[in-house]
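Here the structure comes first, spelled out in structure tokens, and everything after it is commentary.
The values are calculated or read from the model by the stated rules, or taken from the named source; none is laboratory data. Bear in mind that the values here come from a model prediction, so they are computed numbers and not experimental data. Heads up, the Cβs are rebuilt from the backbone with ideal geometry, glycines too, and the neighbour counts pull from every protein chain shown. Protein only, heavy atoms only, side chains kept; ligands, DNA and RNA dropped before computing areas. Shrake-Rupley method; radii C 1.70, N 1.55, O 1.52, S 1.80 Å.
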Amino acid sequence: MATKKKKKNGINAASLIITLAAVILAVVAIIFLIKTTGSDDETGTTSAEPNSTEFQATQELVDATQQAAYDLLPKNYKVFQYLTRGMTHEDEPYGNLPEDGFYTCVSDEFNNFEDFSNYIKEIYTEKTAEKLLTDPFGNGPVYGVDDTGALGLSSEFVPSEDEGLSWADVHFLCTPVSETECNVKVTLKDASGSDVDKEVKLVSENGQWKLTELVG
């Protein structure tokens, strides 16, 4: 009888061990499931949150920057032509170089250098306008005042023979990044008709939108 009793106790101990192991595995599985579910929920919540640091432009600001680009980009194109092709000017007698270093320009739009200077300053920021008027390409000024006080074209100016990009079907996209700054993507065409994108900024300076550089 004693032997049977010991055998019975042995069976109960083994069952208890198996039961405890099953309980432990179940608890581990539940903890893992809870942690996994919680992780998925946290991930979903994070990805759904909007970027609070992204600038949200008002419709009024969008309209203002688009109007500024619409007004300034065609003027920019004219300036690009003036600075790379040159204006019509009077030649010196016998093909001589002008003694003052400037050929007299023939223009219905600009009576003198001040008119031309003011036109540039209406389009570009103060820093950019100063560069375009004094040394746009690292070769000195393209325009100045001749000896009669009129607008003059530098005698050292060499017109560009590059056809450049076409502005015949220009498109632009304005993306305000703050109340005073806007990125502008300008899409032009090359000689093959393919799109070429140019990036420029509009900056509000003294209450007026201006381009930060020459686009061409």
Restricted to segment 177-216, and to residues that are more than 18 Å from E163 (Cα to Cα) and part of a loop (DSSP other than H, G, I, E, B), which residue is most open to solvent (accessible area, probe 1.4 Å)? N206
Of all residues in segment 148-176 being in contact with a strand residue (DSSP E or B) (Cβ under 8 Å, 6 or more places away or on another chain) and farther than 26 Å from D71 by Cβ, which is surrounded by the fewest Cβ atoms within 10 Å (Cβ to Cβ)? T148
Report yes if some residue within segment 88-100 is out of contact with any helix residue (DSSP H, G or I) (no Cβ under 9 Å at 6 or more places or on another chain), of a type in the set (A, V, I, L, M, F, W, C) and either exposed (fewer than 14 other Cβ atoms within 10 Å of the Cβ) or at pLDDT 95 or above (or both); otherwise report no. yes
Flagged in segment 108-126 as under 34 Å from the mean Cα position of the chain (by Cα), open to solvent by 30 Å² or more (accessible area, probe 1.4 Å) and in contact (Cβ under 8 Å) with a residue 12 or more places away in the chain, in numbering order, are F113, D115, E122, E126
